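Below: one structure, written as structure tokens.
The values are calculated or read from the model by the stated rules, or taken from the named source; none is laboratory data. Since we're looking at a predicted model, the values are computed, not measured. Backbone-built Cβ (ideal geometry, glycine too); neighbour counts: all protein chains shown. The area values use the complete protein model at the heavy-atom level, side chains included, leaving out ligands, DNA and RNA. Shrake-Rupley method; radii C 1.70, N 1.55, O 1.52, S 1.80 Å.
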Amino acid sequence: MAEAVDTELDLIAVGAHPDDVEIACGGTLARLVRKGYNVGIVDLTDGEPTPLSAGPDIRLAEAERAAKILGVQVRINLNLPNRRLFDNFESRVALAKVFRKYRPKVVLGFGGKTVLASPDHYQAMLITDAAVFYSRLTKWDEHFDGLPVHTISNQLSFPIAIHGLDLPEASGYIVADIGSTLDVKIEAVRAYATQFPANKAGIFGAVETMNRYHGLTAGFEAGELFMTYRSVGIDDLMRWASPTHARS
């Protein structure tokens, strides 16, 4: 997907590879787009090589199709090295430049390790954490191509493990309602035909089961789990605790 020019985004979700964001939070992104927010995705690598893909062009085409299904306005690939992704200064600056250019209010990224999965996920978490910080640093203009500093209002993280329903360690949790966009999310994941051929079709049921479980815990048809780095405040305890009985 071509980068939109001069588009200021409300939210950017960062993944290590194309398909990470779709699996972790595709339903949330699709719902935010429907609500009128400007949403972007950054893939740190092209995810190649992988066993069944003919090459980066095929994976890029799949990512573009998935982005169109979700409706996101911007998708960027930083072309950092897949399988050799490491948290280093150059990677931090590359992502921070994206944040400074598109000026998101919220950033979503990996939270914690994904044992038995790609170590790129954990490195992506470290790079994202650092880039959020680098985005707001002053007196360092020579590293950011003249892009102005930008302070991101909030950062949330997502788990991507689909083989267990235990809550990852975190300061707090939020479940985003994706009851109306679960089907859109699954369609976006299906766009990656090279990653999920017929013998891996069980992934779609696993993702749906996970999302229906997390949704059930919050009273939704389906939901996506996010971890918070700070407490979530409320201004009306009754409105949160008993919405149907709160005063207007």
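An ellipsoid equivalent to region 72-136, defined through the eigenvalues of its Cα gyration tensor, has semi-axes of 20, 13, 12 Å when rounded to whole angstrom and sorted largest first. For the chain, the per residue solvent-accessible surface stands at 51 Å², with DNA, RNA and ligands left out and a 1.4 Å probe. Sequence-distant or interchain residues sharing an amide H contact under 5 Å with ARG75, placed H: which? Those qualifying (amide H under 5 Å, at least 5 residues apart or on another chain) are ALA4, ILE41. In terms of accessible area, using a 1.4 Å probe and ignoring ligands and nucleic acids, ASP46, ASP141, ASP235, ASP57 rank largest first as ASP235, ASP57, ASP141, ASP46.
For the chain, the carbon plus sulfur part of the accessible surface works out to 55%, probe radius 1.4 Å.
Remark: accessible surface ordering of LYS68, LYS97, LYS200, LYS139 (largest first) is LYS139, LYS68, LYS200, LYS97, probe radius 1.4 Å. Remark on region 1-134: ratio of C-alpha radius of gyration to 2.2 N^0.38 Å is 0.97.
Looking at the chain alone, DSSP beta bridges between its own residues are antiparallel in about 30 percent of cases.
Using only alpha carbons, region 187-248 has a radius of gyration to Kirkwood radius ratio (Rg to Rh) of 1.20. Heavy-atom accessible area with a 1.4 Å probe sorts TRP240, TRP140, largest first, into TRP240, TRP140.
So for region 137-248, what percent of the C-alpha to C-alpha distances run longer than 19 Å? In whole percent, the share of Cα-Cα pairs in region 137-248 beyond 19 Å is 63.
Remark: relative contact order (the chain) = 22 percent; criterion is Cα-Cα distance under 8 angstrom and separation of 6 or more residues. In order along region 42-51, phi translates into HN-Hα couplings of 10, 9, 6, 10, 8, x, 10, x, 9, x Hz, rounded to whole numbers, per the Karplus curve 6.51 cos²θ - 1.76 cosθ + 1.60 with θ = phi - 60° and x for Gly and Pro. Summarising the overall dimensions of the chain from its C-alpha atoms, the Rg and Dmax are 17.9, 59 angstrom.
Report the FRET efficiency, 1/(1 + (r/R0)^6), for ASP166 and TYR229, where r is their Cβ-Cβ distance and R0 is 25 Å, rounded to 0.05. The computed FRET efficiency comes out at 0.80. Converting phi to 3J(HN,Hα) with the Karplus coefficients 6.51, -1.76 and 1.60 and the offset θ = phi - 60°, region 82-95 yields 5, 6, 10, 7, 9, 6, 9, 4, 5, 5, 4, 5, 4, 6 Hz in sequence order, with x at every glycine or proline.
Using θ = phi - 60° in the Karplus curve 6.51 cos²θ - 1.76 cosθ + 1.60, the 3J(HN,Hα) couplings for region 203-211 round to 4, 5, x, 5, 5, 5, 4, 4, 5 Hz; x is entered for Gly and Pro.
Only lysine pairs 8 or more places apart, or on different chains, with alpha-carbon atoms under 19 angstrom apart are counted in the chain, and they number 8.
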